[in-house]
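Please find one structure pasted underneath; my questions will follow.
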Amino acid sequence: MSDTPGDMRESLDRYRAVRRQLEEEILPLATSVDGRRFSYQASLHGLVLQAGSYVVLEEGSERRLGQVVTLGLGRHQGPDLGAARVVIRGAEGDGRVLDGDGSSFHDATVRPATPDEVRDHLEQTAPRRARLEVGELLLAPGVPFSLDSGGFGRHTFLCGQSGSGKTYSLGVVLEQLLLQTDLQIVVLDPNSDFMRLGELRPDADGAGAARYAEAIRSLAVKRAGDGLALRLAELDPDLQAAAVRLDPVADRDEYTELVALTEGGEALTLERLEQLEQEGEAGRRLIARARNLGLHRWGIWAGSERASLLPELARDDVRCLVIDLGSLATREEQALASAAVLGELWRRREERRPVLIVVDEAHNVCPARPEDPLTAIATEYAVRIAGEGRKFGLYLLVSTQRPQKVHENVLSQCDNLLLMRMNSLADLGFVSEVFSFVPQSLLERATTFRQGESLAAGLIAPHPALLRFGQRLAQEGGGDVPADWSRPA
């Protein structure tokens, strides 16, 4: 006779009861053969673990702090109940040992670490360098988390999709660098997001706000019509040629004209070209080209009355220079300013002055495929700085929401990662390939991040850590358009 529905329910209930009992008996244990990494098992009905969470590994009197890296579902064969064999499920995975003496261990008991235990570990292992307190740990509530300022001596990549809090969080990092270090900072700001970096928020108070008010006394913002200006004569010949779109082969006559003028010591300006045109000399074709391209209408030219931006890069009394590229009227002017600034910093490399070069919206400044000669030159300088700048004290902090659009020779030189919410699996896979030293399981958490949450990894962090960025001290620039239109009528 076949089983009745009642018999089947009874068998199923017995199966579930036996399985749960066996699963609850799984002990939370960890084993390490090298003292650096461990494998663990745990019951699904007690210990709550997450990738990135902190655990204490206890073996006798020995106590170690660890971090869960991978978390999976294990299945093992249990007893045969006749109608079916029980499948016992349990949590299992791998982790890294964050402290300890480096010795192996077997069957250490695993339990969640308390916030105080994580805080004590961070305090005891903190480097003797300035700490940038940017927020708190995501999986140890209330525990402050600091980036290692010394880690910014290597190139850093900050990535997050629109709405992830990327720009706000970058502002937190810049404020802390201004507060805690004397590193010079140059910001290329295509969206005018940091033009108010030197303005305190009305609600900022306390010792930190007072110290920041002192720090920003050496901060300068250069925008169109107010310090963001260039002279044609001070640009490299290649950059001059790119500005007027001259090709050495296709436009050889005009290019030869340009080279002759610059090599002859000519202080080349649009005004000088106009004078040469009136005199019937060599500048006739060049000034005609410049007019046809609309260069005479660009607001970036300093002319004879305004000061140029480039000498500002050599000033010792300016700690932070924000270059508001977004204030320029055309994309070409933004590319010219970016190329000129990066080129000037590269030319001054032998001075060996430590400078953090912040390139926001880097897919516009140094794209994977430059579409015009000016952007190509800016990209070439960015690639040079990424590859060789560190030995001269030139460090990059590259920020974007489109990682695949940034030149690969810039990203591949980054040793630090700040990853925020990233829903695109293609972009996340690309980041995973470039930053292969970061555990895949932690990178995958980026798809679930809320605004302001991030993964920090590399030399700026003691271990790959999940964090939530804290409050800013300075006003935000830019910002989204208010969504007042969505309110009920």
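Name the residues in the stretch 380-406 that are open to solvent by 20 Å² or more (accessible area, probe 1.4 Å) and part of a strand (DSSP E or B), would you?
Selection gives Y395 alone.
Might you let me know whether the stretch 337-347 holds any residue that is open to solvent by 30 Å² or more (accessible area, probe 1.4 Å) and in a helix (DSSP H, G or I)?
Yes, some residue in the stretch 337-347 is open to solvent by 30 Å² or more (accessible area, probe 1.4 Å) and in a helix (DSSP H, G or I).
On to the next question. Go through (1) open to solvent by 50 Å² or more (accessible area, probe 1.4 Å); (2) more than 18 Å from the chain's Cα centre (by Cα); (3) closer than 23 Å to A382 by Cα; (4) not acidic (D, E) and name the single condition N191 misses.
(2)
Condition check ((1) of a type outside the set (D, E); (2) under 12 Å from A215 (Cα atoms); (3) within 15 Å of the chain's Cα centre (by Cα)) across all residues:
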{"position": "V172", "(1), (2), (3)": "yes, no, yes"}
{"position": "V186", "(1), (2), (3)": "yes, no, no"}
{"position": "L200", "(1), (2), (3)": "yes, yes, no"}
{"position": "D203", "(1), (2), (3)": "no, no, no"}
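Next question. Inside the stretch 47-102, counting only strands (runs of 3 or more DSSP E) that do not spill past its ends, which hold 3 or more residues that are open to solvent by 40 Å² or more (accessible area, probe 1.4 Å) and more than 20 Å from V33 (Cα to Cα)?
72-80, 85-97
Would you point out the residue of the stretch 419-453, among those that are assigned to a loop (DSSP other than H, G, I, E, B) and of a type in the set (S, T, Y), that is farthest from P464 (Cα to Cα)?
The extreme case among them is S424.
Of the numbered conditions (1) under 21 Å from D193 (Cβ atoms); (2) open to solvent by 10 Å² or more (accessible area, probe 1.4 Å); (3) at pLDDT 95 or above, I377 satisfies every one except a single condition; which is it?
(1)
Please tell me if N409 is at pLDDT below 95 and either outside any helix (DSSP H, G or I) or surrounded by fewer than 20 Cβ atoms within 10 Å (Cβ to Cβ) (or both).
Judged against the criteria, N409 is not a match.
Here are L466, L473: which of them is farther than 30 Å from T379 by Cα and modelled with pLDDT under 95?
L473
In addition: Filtering the stretch 188-246 down to residues that are part of a helix (DSSP H, G or I) and of a type in the set (D, E, K, R), which residue is nearest to P311 (Cα to Cα)?
Among residues in the stretch 188-246 that are part of a helix (DSSP H, G or I) and of a type in the set (D, E, K, R), the one nearest to P311 (Cα to Cα) is E234.
If you don't mind, there's one more thing I want to ask. Among the residues in the stretch 262-285, are any open to solvent by 10 Å² or more (accessible area, probe 1.4 Å), at pLDDT 85 or above, in contact with a strand residue (DSSP E or B) (Cβ under 8 Å, 6 or more places away or on another chain) and not aromatic (F, W, Y)?
No: zero hits.
Need the failing condition index for K391 against (1) within 30 Å of Q240 (Cα to Cα); (2) under 15 Å from the mean Cα position of the chain (by Cα), just the number.
(2) is the only condition that K391 fails.
Restricting attention to the stretch 415-433, which residues are within 13 Å of the chain's Cα centre (by Cα) and open to solvent by 10 Å² or more (accessible area, probe 1.4 Å)?
Result: D415, R421.
Could you give every pair whose Cβ atoms fall below 7 Å, whose first residue belongs to the stretch 150-174 and is under 18 Å from L425 (Cβ atoms), and whose second residue is in a helix (DSSP H, G or I) and among the charged types (D, E, K, R), counting only separations of at least 6 or pairs across chains?
If the second residue must be in a helix (DSSP H, G or I) and among the charged types (D, E, K, R), the pairs left are G160/K166.
Filter the stretch 194-213 down to residues that are open to solvent by less than 10 Å² (accessible area, probe 1.4 Å) and touching a Lys or Arg at 6+ places or on another chain (Cβ under 7 Å), then give me how many there are.
0
Can you pull out the residues in the stretch 106-124 that are open to solvent by less than 60 Å² (accessible area, probe 1.4 Å) and assigned to a helix (DSSP H, G or I)?
Across the stretch 106-124, the qualifying residues are P115, E117, V118, H121, L122.
The values are calculated or read from the model by the stated rules, or taken from the named source; none is laboratory data. Please read all numbers here as calculations on a predicted model, not as lab measurements. Here Cβ is always computed from backbone atoms with ideal geometry, including for glycine, and neighbour counts include all displayed protein chains. Heads up: the accessible areas ignore ligands, DNA and RNA and are worked out on the full protein's heavy atoms, side chains in. Shrake-Rupley method; radii C 1.70, N 1.55, O 1.52, S 1.80 Å.
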